[in-house]
1. Starting from segment 1-22, keep only residues that are at pLDDT 80 or above, then list their pairs with residues that are not hydrophobic (A, V, I, L, M, F, W, C) whose Cβ atoms are within a distance under 8 Å, requiring at least 6 positions of separation or different chains.
2. Test each condition in (1) surrounded by 12 or more Cβ atoms within 10 Å (Cβ to Cβ); (2) under 22 Å from Glu82 (Cβ atoms); (3) modelled with pLDDT under 75 for Pro33 and report the one that comes out false.
3. Within segment 57-72, is even one residue loosely packed, with under 10 Cβ neighbours inside 10 Å, assigned to a loop (DSSP other than H, G, I, E, B) and modelled with pLDDT of 80 or more?
4. Residue check, His39 against (1) within 20 Å of Lys20 (Cα to Cα); (2) touching a helix residue (DSSP H, G or I) at 6+ places or on another chain (Cβ under 7 Å), all met but one. Which one?
Amino acid sequence: MNKLHIYDERTDKHFELAIKINDTMENGLVEAPYKIPIHTWTKLLVQKFLKDPLTRSTSKNLIKYLGTKRGIGLLNSKLTRESY
């Protein structure tokens, strides 16, 4: 039986980033909703892809989906959005 692990040593960096973002919003240094910089978002996604077998197993469908007109539009929207 597989168990869902919500927290382990690999997630430390992600929790630290979330806490840092939350602290900066509470101190009024950035406005909410906060948009994670594209280079940080890309780095986290690549790390997840390399370390998480479930993410790797769905990558074929993701690549197929991004090849569609709708997928390209959604990706473009995500990359160029100024605010939420």
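1. What qualifies is Phe15/Tyr7; Leu17/Thr40; Ile21/Tyr34.
2. (1)
3. Here is the first cut: in segment 57-72, the residues loosely packed, with under 10 Cβ neighbours inside 10 Å are 57, 60-61, 67, 69-70.
Keeping just the survivors that are assigned to a loop (DSSP other than H, G, I, E, B) gives 67.
Those still in the list that are modelled with pLDDT of 80 or more too: 67.
For segment 57-72, residues loosely packed, with under 10 Cβ neighbours inside 10 Å, assigned to a loop (DSSP other than H, G, I, E, B) and modelled with pLDDT of 80 or more: present.
4. Here His39 meets the rest and fails (2).
The values are calculated or read from the model by the stated rules, or taken from the named source; none is laboratory data. Quantities reported herein were computed from a predicted structural model and do not represent experimental measurements. Note: ideal-geometry Cβ built from the backbone for every residue, glycine included; neighbour counts use all protein chains shown.
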